[in-house]
Amino acid sequence: MGRPSKRRRICALPINTCFLPESLKDTPAVKISLEEYESVRLLDYEGMTQEEAARQMGVARTTVQSLYLTARKRIAGCLVEGRPLIIDGGNFELCDKCDDNRKIIRCTTQKGSNAMKIAVTYENGQIFQHFGHTEQFKIYTVEDSAVKESHILSSNGAGHGALATLLQEENVDT
């Protein structure tokens, strides 16, 4: 008996789940799973590598490669043969970083680049050791493992309870 398959993480349900050829023939529809759709979306639409897509979906790179190749073959068959395409089913879980209706993607890894904002407690040009008493943060914007910009953010005397909110308002990854 084989091991149970791992549920794949997808970020959003597709807006359209059925695509029909212009001339409707009496041909059977081709079905791709939501994970196959997600692999095509991440690799072709978002421009991720297989490694990045695997990390996003919570699976191995070889799993993403397999999903992608299967989806591409089925989609090509639809285009060449003029068959309907249906996106449905699969073994997946919806990402918890997306909104409730799953139409707006908020995952930080979804935009096709590895970008993040990092806040470091800061005082007198050096890292400050106490988060709750810091008067400033140095905010770094990092893209593809390189610092693109940095600036100083004043805490305006906010206590440590309000600092997390201050950083969230600055779109710092928390």
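The values are calculated or read from the model by the stated rules, or taken from the named source; none is laboratory data. Keep in mind the model is a prediction, meaning the values are calculated, not measured. Because the Cβ atoms are built from the backbone with ideal geometry, glycine has one as well, and the counts that use them run over all protein chains shown.
Considering only region 27-35, I want to know if a residue exists there that is within 29 Å of Ala115 (Cβ to Cβ), assigned to a helix (DSSP H, G or I), modelled with pLDDT of 90 or more and in contact with a Lys or Arg (Cβ under 9 Å, 6 or more places away or on another chain). Scanning region 27-35, I find at least one residue that is within 29 Å of Ala115 (Cβ to Cβ), assigned to a helix (DSSP H, G or I), modelled with pLDDT of 90 or more and in contact with a Lys or Arg (Cβ under 9 Å, 6 or more places away or on another chain), so the answer is yes.
Residue check: Gly125 meets all listed conditions (1) surrounded by 14 or more Cβ atoms within 10 Å (Cβ to Cβ); (2) over 25 Å from Met48 (Cβ atoms); (3) at pLDDT 80 or above; (4) of a type outside the set (Ser, Thr, Tyr) but one, namely (1). Each residue in region 138-152 was checked for being part of a strand (DSSP E or B) and either of a type in the set (Lys, Arg) or out of contact with any Lys or Arg (no Cβ under 9 Å at 6 or more places or on another chain) (or both), and 6 pass.
Leu85 passes every criterion in (1) within 30 Å of Ala158 (Cβ to Cβ); (2) touching a Cys at 6+ places or on another chain (Cβ under 9 Å); (3) modelled with pLDDT of 80 or more apart from (1). Of Val142, Val120, all but one fail to be at pLDDT 80 or above and under 18 Å from the mean Cα position of the chain (by Cα); the exception is Val142. For region 4-48, a tally of residues being under 22 Å from Thr62 (Cα atoms) and touching a strand residue (DSSP E or B) at 6+ places or on another chain (Cβ under 7 Å) returns 10.
I need the full set of residues from region 128-137 which are part of a loop (DSSP other than H, G, I, E, B) and surrounded by 14 or more Cβ atoms within 10 Å (Cβ to Cβ), in order please. The answer is Phe128, Thr134, Glu135. The residue list Gly132, Gly112 contains one member that is small (Gly, Ala, Ser), closer than 21 Å to Tyr37 by Cβ and modelled with pLDDT under 85, which is Gly112. Restricting attention to region 47-77 and to residues that are more than 14 Å from Ile87 (Cα to Cα) and polar (S, T, N, Q), the residue that is surrounded by the fewest Cβ atoms within 10 Å (Cβ to Cβ) turns out to be Thr62. Looking across region 16-25, the residues that are assigned to a loop (DSSP other than H, G, I, E, B) and either touching a helix residue (DSSP H, G or I) at 6+ places or on another chain (Cβ under 6 Å) or at pLDDT 90 or above (or both) come down to Asn16, Thr17, Leu20, Pro21.
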